[in-house]
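Okay, structure first, notes after.
The values are calculated or read from the model by the stated rules, or taken from the named source; none is laboratory data. Computed from a predicted structure; not experimentally measured. A quick note on method: Cβ atoms are made from the backbone with ideal geometry, for glycine too, and the neighbour counts reach across all protein chains shown.
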């Protein structure tokens, strides 16, 4: 047993994957006194984490269909605002009903939010237009929710910065080539340092796979399978801040039903399809067109706004492939797989699924599992630890 | 070029085929690993479609030709500032620079004036080291001034324009010979705080900027403003700081003259 | 300056083999108007400093008496020399007018008009240069 204060060296955990999940996990475990090495083949958050539209989820989108996700989101939303002050555009969000069909969803929506603990404020058409003059004037009603905008990279970098300050060894530009495994025990990884081009080994007591949509690829290195469906979606960035609040369509999930303001840009998203390999994602032209078509229903000015970028990002959705074509029906919760239990392979865990907003919560769950496994008695302290600014990660 | 998409509705739409017609382009890429005596350039022929960006092309090279090519990217939409490069000698964000706009052969190099770590990746710590202590990420939103913020929110806020990409520092000819010059991004960030303090100590920032290697090292060349992908206009902000400092100095002198 | 020690310890910026080289400020190709203006200012500045020393050297001939001075005047009225005078006028006009622009912009007055000011200076300068050149080369 090793508790904080004992003289045995702290357990060493190697985290593979430098997205929000890996960063939050490194932070949580570093606070619990473990020795952490994190390896990321590119820049931190260069996978899915950096690419999303930047929504700090209120959970309202899931309030009717996926209560578990909704509750997770609103809890983490509140915590993140507390531990990352000054890192969000805290303008709240609107769910806007444009058609009669949308209005049929309105009451269920408000009720669902209430049951999930998501505060709402019902607004008339005129009240909504006073808040957001660019909204479709044909809108019928709106509901205000505690959405916010995050910088998809800079918010997670605060976790990295704090973890580094607390002793975690965070190595970007290090690619895992193979896992070191012997007789169904994983004991480290073979990595290539992109800075020098040289290959070397990193040994650890436990290896955690936090690679998002690449989870299956990395798990295969240990001979195990995780049911991850890389599910990409297209997003569109337009020049000009067409709204200050996040604007959502008040309906069950669909394509192009959110516009997230970010700096002086407006991000319209998103769509959904599934792929085998998250490595190279297309940007299908018809999806981009659909962003425009759906976006104008919320904010007509989308049609005239200057194009900035169109790109794809792959969500790591849990569920076996073949279960659904579009990936939307899959649960958005996160899971930790201890492969000793699920596959008889020791020393290896996968944490996957989840949303950008729930990174801290995912890490807490996984860190609890890890500490139990390693016999470390330490409580999670991430709910109340204020994070360092992201610039600290680059402090010499 | 890559795996076929399976979009949830109409594919093979005729308006799409022109956009997806593939053409080859040649990229000449700067390569350097620590321990090399000197950098060298490698040439790759990359299939491109209308939408392909320089970053897409570089990632294609990384996936299909050379996994050891080190790249920096994150948001893919000019918001994170990580993919700054010099493309044909000009500073640009790779994720929003379309290959087809650039000619048959394209030279790709890391940004200048910062130490190269590997290939196209530079050591950004040197950029951040130049920034002053106070460096706010959020400011009041000047967009849609006719809108009322909702109850409980005093004013709409938005992220600062500066995405810490370093293109301004790369473009500045002064930094080339005056390495200690703090640079446009750092000075612009100080001016933003002076413009909208949000509780910060403005006097500290003005003192920080009032340095031979601060605002006074700038030669009003304006390359930084031209290079900036995010409308920060650092040059104008530097001039504004100088105006403020001059004003304060003159007023202080006048006060001194009156009292002596 | 923050980070200066660490930067010096890490050694010089790896610049070999890439532009911009230390003389990189001189290369305005493909660069913006502000850069061209700056390069012009530096070159005319150097030229004017050179001319200043040259001028002092020339004036020192007065110390050598009337004949030396008259010989010099003979040289000074040749076509080549008069053309160089036009070049000098160009240098003075460019450096002076651009200098005004840099002063106005540099004190924070009209930074966003820097391009307009450059063109205004170019127009004024060209007109004065033409008038001056015509006058200088009148008897050639």
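Key figures
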{"item": "Any hit, the stretch B:246-254, residues being part of a helix (DSSP H, G or I), in contact (Cβ under 8 Å) with a residue 24 or more places away in the chain, surrounded by 18 or more Cβ atoms within 10 Å (Cβ to Cβ) and more than 8 Å from chain C (Cβ to nearest Cβ)", "result": "no"}
{"item": "Odd one out for residue B:55 among (1) under 16 Å from residue A:50 (Cα atoms); (2) at the interface with chain A (Cβ under 9 Å from one of its Cβ atoms)", "result": "(2)"}
{"item": "Within the stretch B:140-168, considering residues that are in a strand (DSSP E or B) and surrounded by 19 or more Cβ atoms within 10 Å (Cβ to Cβ), the one farthest from the chain's Cα centre (by Cα)", "result": "B:157"}
{"item": "Residue ID - nearest to the other protein chains (Cβ to nearest Cβ), chosen from residues in the stretch C:2-61 that are surrounded by 12 or more Cβ atoms within 10 Å (Cβ to Cβ), modelled with pLDDT under 70 and farther than 27 Å from residue B:108 by Cα", "result": "C:3"}
{"item": "Residue tally, condition free of Cβ contacts under 8 Å to residues at least 12 places away in the same chain and not in a loop (DSSP other than H, G, I, E, B), over the stretch B:120-138", "result": "1"}
{"item": "Within the stretch B:1-35, tally of residues that are within 13 Å of chain A (Cβ to nearest Cβ), within 21 Å of residue B:99 (Cα to Cα) and at pLDDT 85 or above", "result": "3"}
{"item": "Test result for residue B:38, more than 9 Å from chain A (Cβ to nearest Cβ), over 25 Å from the mean Cα position of the chain (by Cα) and closer than 24 Å to residue B:175 by Cα", "result": "yes"}
{"item": "Residue A:97 being surrounded by fewer than 22 Cβ atoms within 10 Å (Cβ to Cβ) and more than 12 Å from chain B (Cβ to nearest Cβ)", "result": "no"}
{"item": "Test: residue in the stretch A:48-58 that is in a strand (DSSP E or B), within 14 Å of chain B (Cβ to nearest Cβ) and closer than 30 Å to residue B:56 by Cβ", "result": "yes"}
{"item": "Any hit, the stretch A:64-71, residues being part of a helix (DSSP H, G or I) and under 15 Å from residue A:145 (Cα atoms)", "result": "yes"}
{"item": "One residue from B:85, B:117, B:76, B:69 being on the phi > 0 side of the Ramachandran plot and either within 13 Å of chain A (Cβ to nearest Cβ) or not in a loop (DSSP other than H, G, I, E, B) (or both)", "result": "B:76"}
{"item": "Any hit, the stretch B:176-199, residues being away from every other protein chain (no Cβ under 11 Å), surrounded by fewer than 17 Cβ atoms within 10 Å (Cβ to Cβ), modelled with pLDDT of 90 or more and assigned to a helix (DSSP H, G or I)", "result": "yes"}
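The rows are residues; the columns are (1) in contact (Cβ under 8 Å) with a residue 40 or more places away in the chain; (2) more than 8 Å from every other protein chain (Cβ to nearest Cβ); (3) closer than 30 Å to residue B:146 by Cβ.
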| position | (1), (2), (3) |
| --- | --- |
| A:187 | yes, yes, no |
| A:200 | no, yes, no |
| A:208 | yes, yes, no |
| A:219 | yes, yes, no |
| A:233 | yes, yes, no |
| A:237 | yes, no, yes |
| A:248 | yes, yes, yes |
| A:280 | no, no, no |
| A:301 | yes, yes, yes |
